[in-house]
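For reference, the structure I am asking about is given below.
The values are calculated or read from the model by the stated rules, or taken from the named source; none is laboratory data. Keep in mind that this is a model prediction, so the values were computed, not measured. With ideal geometry, Cβ positions are generated from the backbone for all residues, glycine too; neighbour counts draw on all protein chains shown. Ligands, DNA and RNA are excluded from the accessible area calculation, which covers all protein heavy atoms including side chains. Shrake-Rupley method; radii C 1.70, N 1.55, O 1.52, S 1.80 Å.
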Amino acid sequence: MIYKSRSVPLEIDGLITLERRIAQDHPIRSDIARRIYNMKAGYSGERQYDRYISEFKPSYPHAIMHDVCLKLDGIYFQIDSLLITPSKIVISEVKNLAEKIIVKTKPLQFIKETPNGERFPFRSPITELDRKIHLLRVWLSQMQIDVPIEGIVTFAYNNELQFEETPPVDLIFTYEIAAYLRNLKIERDMLNRQTIHKLANKIVSAHRPFNPFPLVERYSLQQSEIMPGVHCPSCNQLTMRWMNRKWKCLICNHLGRSEHQNAVREWFFINKNTITNQEFRKFTLLDNRHTAQYLLAGIPQLQMVGKSKGSFYKIT
Ligand SMILES: [Zn+2]
């Protein structure tokens with residue numbers, strides 16, 4: 001049974017927003033584009049994994065949780081997918097890379113090779129798995145649960161895999177996951193149905209998603225480097241202006257009434273987790289503070305804190 005499914009990381013939305021609000025020649029532009037590409041690829045690989053694992057329907061009690069982020073003594077660790085069975089826990093590290101993958105041992109090294117033969121080492125998913133298994137073991141021991149934890153790395157089906165030696169952890173293709181899990185040996189019942197259910201609920205309620213916002217801090221950007229304006233969903237420019245009680249695009253004439261809501265969402269992604277009337281006007285290129293007040297008051301998720309000059313808004 002699936003106790004937690006996966007959703008699109010908000011960071012992708014945040015980065016797309018940031019990308020259109022920095023100058024064309026900004027030095028971090030390529031970093032952001034690469035990060036968006038990697039995150040989208042990662043997410044699509046994970047969705048594929050989720051589809052394949054849905055074919056895994058064992059007769060024994062079990063729990064599946066996708067994208068779990070736990071915290072242990074101030075350290076966050078994120079698990080792509082976690083399966084609890086009566087005799088062990090299996091965590092998966094899901095990789096979705098386009099290149100050929102070469103795995104060297106002694107020392108263990110993962111290398112991706114592009115079609116034109118260029119080679120780049122990348123962080124070993126086995127080392128990442130070992131770290132997560134260790135942290136999860138300590139996390140579980142605090143609940144007096146001691147159960148073996150195994151790890152597995154899955155790669156996209158189109159990867160060509162080349163091993164110099166058998167790696168210490170099973171590396172499989174994502175589409176093999178259901179078959180792989182069906183062959184798991186469930187030797188003893190260390191966890192019964194009720195314990196599995198309780199543990200899964202505990203893990204889900206302990207899940208703390210990583211918050212990458214605000215992005216100005218992450219990328220050391222000044223607020224002055226962020227372009228203001230309300231985004232036009234039709235022509236994709238920051239060209240909407242408030243006139244005659246509507247948002248109107250100066251380029252394509254698209255009309256709307258709620259585009260400022262997205263602008264505020266973008267503000268929280270990029271700048272900081274509060275917004276004042278003045279900041280809102282500057283960001284949406286609006287002159288009138290009363291109009292700004294009216295628009296801000298109409299956003300259901302916003303709550304005003306304080307009175308008159310010192311007031312600001314935050315997400316409830
Ligand atoms: Zn437009």
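Just checking the chain: which Cys have no other cysteine's beta-carbon under 4.7 Å?
Cys69
Please give the solvent-accessible surface of Tyr219 in Å², to the nearest 10, using a probe radius of 1.4 Å with every protein chain present.
The accessible area of Tyr219 comes to roughly 40 Å².
Applying 1/(1 + (r/R0)^6) with R0 = 25 Å to the Cβ-Cβ distance of Lys272 and Val204, what FRET efficiency is obtained, to the nearest 0.05?
E(calc), rounded to 0.05, equals 0.25.
Counting helices only, and only those DSSP H runs with n ≥ 4, report the 222 nm mean residue ellipticity of the chain as the sum of -39,500 (n - 2.57) divided by its residues, in deg cm²/dmol to the nearest 500.
-10500 deg cm²/dmol, from helical runs alone.
Rank by packing, highest mean first: peptides 247-254, 286-293, with packing defined as the count of other Cβ atoms within 10 Å averaged across residues.
247-254, 286-293
Sorted by accessible area with a 1.4 angstrom probe, largest first, how do Met65, Met39 fall?
Ranking Met65, Met39 by accessible area, largest first, yields Met39, Met65.
Sort Ser311, Ser59 from largest to smallest accessible area, using a 1.4 Å probe on the heavy atoms of the protein chains.
Per-residue accessible area, sorted high to low, gives Ser59, Ser311.
Across bins of 5 angstrom width beginning at 0, how are the C-alpha pair distances of the stretch 275-316 distributed, in whole percent?
Binned Cα distances yield the sequence 6, 25, 35, 27, 7, 0.
Volume per residue, Å³, of the convex hull around the alpha-carbon atoms of the stretch 228-315?
86
Can you give me the distance in nm between label points at Gln142 and Asn253, each placed 7 Å from the Cα along the Cα-to-Cβ direction?
6.1
Taking amide H positions as placed 1.01 Å from N in the peptide plane, with prolines and chain starts having none, which residues 5 or more places from Phe173, or on another chain, fall under 5 Å of its amide H?
Sorted by chain and number, the residues that satisfy this are Phe155.
Please arrange Lys88, Lys307, Lys198, Lys104 by accessible surface area, largest first, computed with a 1.4 Å probe and ligands excluded.
Lys307, Lys198, Lys104, Lys88
Further question on the same structure: In terms of Cα to Cα distance under 18 Å, which aspartates and glutamates are near enough to Lys132, apart from those fewer than 8 places away along the same chain?
Glu46, Asp67, Asp73, Asp80, Glu93, Asp146, Glu150, Asp170
Return an integer: the convex hull volume of the alpha-carbon atoms of the stretch 149-282, in Å³ per residue.
It comes to 259 Å³ per residue, whole-number rounded.
Which FRET efficiency, nearest 0.05, do Glu164 and Met39 yield, Cβ-Cβ r, R0 25 Å?
0.25
Putting +1 on Lys and Arg Cβ atoms and -1 on Asp and Glu Cβ atoms, find which of Ile186, Gly74, Gly117 reaches farthest to the positive end of the dipole of the stretch 2-206.
Positive-end residue among those listed: Gly74.
In addition: Among the lysines, which have Cα under 22 Å from the Cα of Lys309 when same-chain residues fewer than 8 positions away are ignored?
The reachable lysines, counting only those whose Cα sits under 22 Å from Lys309, are Lys272, Lys282.
At R0 = 51 Å, how high is the FRET efficiency between Ser308 and Asp73 if r is their beta carbon distance? Nearest 0.05 is fine.
For Ser308 and Asp73, the calculated efficiency is 0.75.
Quick check on my link table: of Lys71/Lys112; Lys202/Lys314; Lys4/Lys95, which ones sit more than 27 Å apart, alpha carbon to alpha carbon?
Table pairs above 27 Å Cα-Cα are Lys71/Lys112; Lys202/Lys314.
While we're looking at this one, here's another question. Using the Kirkwood radius over Cα pairs, work out the Stokes-Einstein diffusion coefficient for the stretch 2-206 at 25 °C and 0.890 mPa s, in µm²/s as a whole number.
After rounding, the answer is 132 µm²/s.
Among Leu136, Leu108, Leu18, which one moves the most in a GNM of the chain with springs linking Cα atoms closer than 10 Å?
Leu108
Just want the answer: with Cβ charges of +1 for Lys and Arg and -1 for Asp and Glu, which residue in Ile101, Phe155, Asn262 is farthest toward the dipole's positive end in the chain?
Checked the options; the winner is Asn262.
Determine the relative contact order of the chain: mean sequence separation of Cα pairs under 8 Å and six or more apart, normalised by residue count, in whole percent.
Once normalised by length, the contact order is 16 percent.
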